[in-house]
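Since the structure comes first, as structure tokens, the remarks are kept for the end.
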Amino acid sequence: MKKIVVLISGNGSNLQAIIDSCESGDIDGEITNVISNKNNAYGLQRAIKANIPTKILDDTCFNSREEFDKALFSYLLDVDADLIVLAGFMKILNKKTTDHFYGKIINIHPSLLPKYPGLNTHTKVIENKDIYHGISIHYVSSELDAGPIIAQGKIDVKVNESLERLEDRIHKLEHIIYPKIIDLICKNEIYLENDSVRYLHNTGSKEYICNTYEI
Ligand code: GRF
């Protein structure tokens, strides 16, 4: 069974969706460790409840950014996961880490990349009066939110939609798509080859890229 490590910084609702899917057999893999850079991340409670070993690498307890990066890199080497899943992990991984684990680290980002990399994506969508919003799942490269895109999901933005409601719908969408994609990666049905995402059953990216969801 594929070994999955999940990195979090906060609430961990995506972590919960992944835990639930592993428990129900909808993900053909096992979360072997959850790593947090915040000692008060609620996601740690979710992991403990599911009997998953947790590791806190509190970024405020390191003398420098380099030391934090070194500790994280060495921990990731130790746990030797098949797949490293970023789920609301709010630290940018250094180049040594993204290069070493290239093709093994995935991230979920709450926007239709390449639109809105970085923070506050929901606010930007509302301020710009966008009619669509969505999520992207991508392989992690050394450039922020810019690695090869595996899957995207799109929703209509409702008229006068509040930030809270939009954010809530985006989370629901994430909880549907992320576990599904993690399962396909665990089954080797999706993988990275020569910087391109390959889909084993030749459904092409069409099945995954920019489907519209009613949520
Ligand atoms: C998600 O919206 C994800 O796209 C972004 O951070 C958020 C994490 O939420 N990277 P949660 O901690 O999984 O609830």
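The values are calculated or read from the model by the stated rules, or taken from the named source; none is laboratory data. Please read all numbers here as calculations on a predicted model, not as lab measurements. Note: ideal-geometry Cβ built from the backbone for every residue, glycine included; neighbour counts use all protein chains shown. Surface areas here come from the heavy atoms of the whole protein model, side chains and all, with no ligands, DNA or RNA. Shrake-Rupley method; radii C 1.70, N 1.55, O 1.52, S 1.80 Å.
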Check your understanding: Can you tell me which residues in the range 1-40 are within 11 Å of the ligand (Cβ to nearest atom), outside any helix (DSSP H, G or I) and open to solvent by less than 70 Å² (accessible area, probe 1.4 Å)?
Key -> V6, L7, I8, S9, G10, G12, S36
Practice item. Mind listing whichever residues of the range 98-131 are in contact (Cβ under 8 Å) with a residue 60 or more places away in the chain and away from the ligand (no atom under 16 Å from the Cβ)? Key: Y102, G103
**Study point:** Test result for S141, away from the ligand (no atom under 13 Å from the Cβ), at pLDDT 95 or above, touching a Gly at 6+ places or on another chain (Cβ under 8 Å) and of a type in the set (G, A, S)
**Key:** yes
Practice item. Output the number of the condition that S74 fails; it satisfies all remaining conditions of (1) away from the ligand (no atom under 11 Å from the Cβ); (2) surrounded by fewer than 14 Cβ atoms within 10 Å (Cβ to Cβ); (3) in a loop (DSSP other than H, G, I, E, B); (4) not charged (D, E, K, R). Key: (3)
